[in-house]
Amino acid sequence: MLRVNREQLLNSLESVSAGLAAKATVEQSSMFCFKDERVWTYNDEICASAVSPLEGLAGVIKADKLIDILRKLQEDELDVDVEDNKLIILGMRKDVELVLQKDIQLPIDKLDSPNEWNPLPGDFSEALTMVSQCCSRDKSLFMLTCINITDKWLESCDNTQVIRYKMKLKLPTSALVRGESVKHVVQLDVTEFSETGAWLHFRNPAGVVIACRKFVFDYKDLSGPLTVDGGTRAILPKGLVEAADRAEVFSSDGNDSNKILVELKPGKLLVRGQGASGQYRESKKVEYKGEPLSFRVAPKLLKEICTKHNECELTKNRLKVKGEKFTYVVCLSAAEPDKPKVEE
């Protein structure tokens, strides 16, 4: 019989939930695997592990059932035991039995264990957040769903926008990792990384490790799209961060591609977030005298950009923002016609 802290156990399980598959793509990929004093998850693109409070436990358990019951129990401390093929959890006048499969099918033993960990720059998670917002969601354009991580920068492109964030990493070769995978890395506040075989491993101070599968492609050279010459300087208006935040209330409404529309017209900038349940519009005064233009951008990325830099460069078909460490370029199109009026 083992006494465990419920919150500690729950935190350990939730920290590796990124490796769970919504649909079982690999045998046991929707289960928690307990092995070598750690809890593991694996879905072919992500493998995550953390120290397990369930010392000595070996086997796999249905993830959603274990998480759900732990969240609904109220005891601070729980007694845990194993009987035959069952994990027994005992609370105050209550008990839980979960099927425990002793046969581990997940291929976690095939992953190379990192021998050397390298420190990550302090702004790595910040850079990853920005770059992941420019990845395509179109799976038919697989390479554009990835982030290109090199020893000099992180970059991504979705064919309408491109970003490059300068950062030195001890990485012998460039690595492509899925944008959808690395968003889980950001949430862990990782401080170290390592490269082995087909995986990039990231680790945080609590010892949680998340490995993202690398893909081998010759990533397109983004130097051309990042070059914008002969543009007109413009100042992004104050309050754009807050406007983007409000617009996201609707743009994030069940939309896989969460983007807001930004329109530039002489003297003003308009922000619109639209979703299944409605829309939000807001206008700002801006020093701009050119032709009406518009572009779509992830609100989180726009907020990050505006927080770091308030100037942009405009040409007939591109908008460029160049910060201290990043360069962002988005394709422009003719502004969409006005919908409901917004007070100027």
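Conditions (1) assigned to a loop (DSSP other than H, G, I, E, B); (2) open to solvent by 40 Å² or more (accessible area, probe 1.4 Å); (3) within 20 Å of CYS134 (Cα to Cα); (4) in contact (Cβ under 8 Å) with a residue 24 or more places away in the chain, marked per residue:
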site: ALA206; (1), (2), (3), (4): yes, yes, no, yes
site: ALA211; (1), (2), (3), (4): no, no, no, yes
site: GLY224; (1), (2), (3), (4): no, yes, yes, no
site: ARG246; (1), (2), (3), (4): no, yes, no, yes
site: PHE250; (1), (2), (3), (4): no, yes, yes, yes
site: VAL262; (1), (2), (3), (4): no, no, yes, yes
site: ARG281; (1), (2), (3), (4): no, no, no, yes
site: LYS284; (1), (2), (3), (4): no, yes, no, yes
site: PHE295; (1), (2), (3), (4): no, no, yes, yes
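Restricting SER156, SER140, SER136 to residues that are at pLDDT 95 or above and either under 26 Å from SER333 (Cβ atoms) or open to solvent by less than 10 Å² (accessible area, probe 1.4 Å) (or both) narrows the list to SER156. Restricting the stretch 115-133 to residues that are crowded, with 16+ Cβ neighbours inside 10 Å and free of Cβ contacts under 8 Å to residues at least 60 places away in the same chain leaves a set whose member that is farthest from CYS157 (Cα to Cα) is LEU128. Answer yes or no as to whether TYR219 is on the phi < 0 side of the Ramachandran plot, aromatic (Phe, Trp, Tyr) and assigned to a loop (DSSP other than H, G, I, E, B). Considered against the rule, which asks whether it is on the phi < 0 side of the Ramachandran plot, aromatic (Phe, Trp, Tyr) and assigned to a loop (DSSP other than H, G, I, E, B), TYR219 comes out as yes. Going by the structure shown, is ASP112 loosely packed, with under 14 Cβ neighbours inside 10 Å and without any contact (Cβ under 8 Å) to a residue 24 or more places away in the chain? No. Of the residues LYS300, LYS220, the single one that is touching a helix residue (DSSP H, G or I) at 6+ places or on another chain (Cβ under 8 Å), open to solvent by 50 Å² or more (accessible area, probe 1.4 Å) and modelled with pLDDT under 90 is LYS220.
Residues in the stretch 189-204 that are of a type outside the set (D, E, K, R) and either touching a Lys or Arg at 6+ places or on another chain (Cβ under 7 Å) or open to solvent by 30 Å² or more (accessible area, probe 1.4 Å) (or both): VAL190, THR191, GLY197, ALA198, TRP199, LEU200. What is the residue count in the stretch 243-272 for residues that are under 26 Å from SER125 (Cα atoms) and of a type outside the set (A, V, I, L, M, F, W, C)? Counting residues in the stretch 243-272 that are under 26 Å from SER125 (Cα atoms) and of a type outside the set (A, V, I, L, M, F, W, C) gives 12.
The values are calculated or read from the model by the stated rules, or taken from the named source; none is laboratory data. Note that this is a predicted model, so its numbers are computed, not measured. With ideal geometry, Cβ positions are generated from the backbone for all residues, glycine too; neighbour counts draw on all protein chains shown. SASA here: full protein model, heavy atoms, side chains in, ligands and nucleic acids out. Shrake-Rupley method; radii C 1.70, N 1.55, O 1.52, S 1.80 Å.
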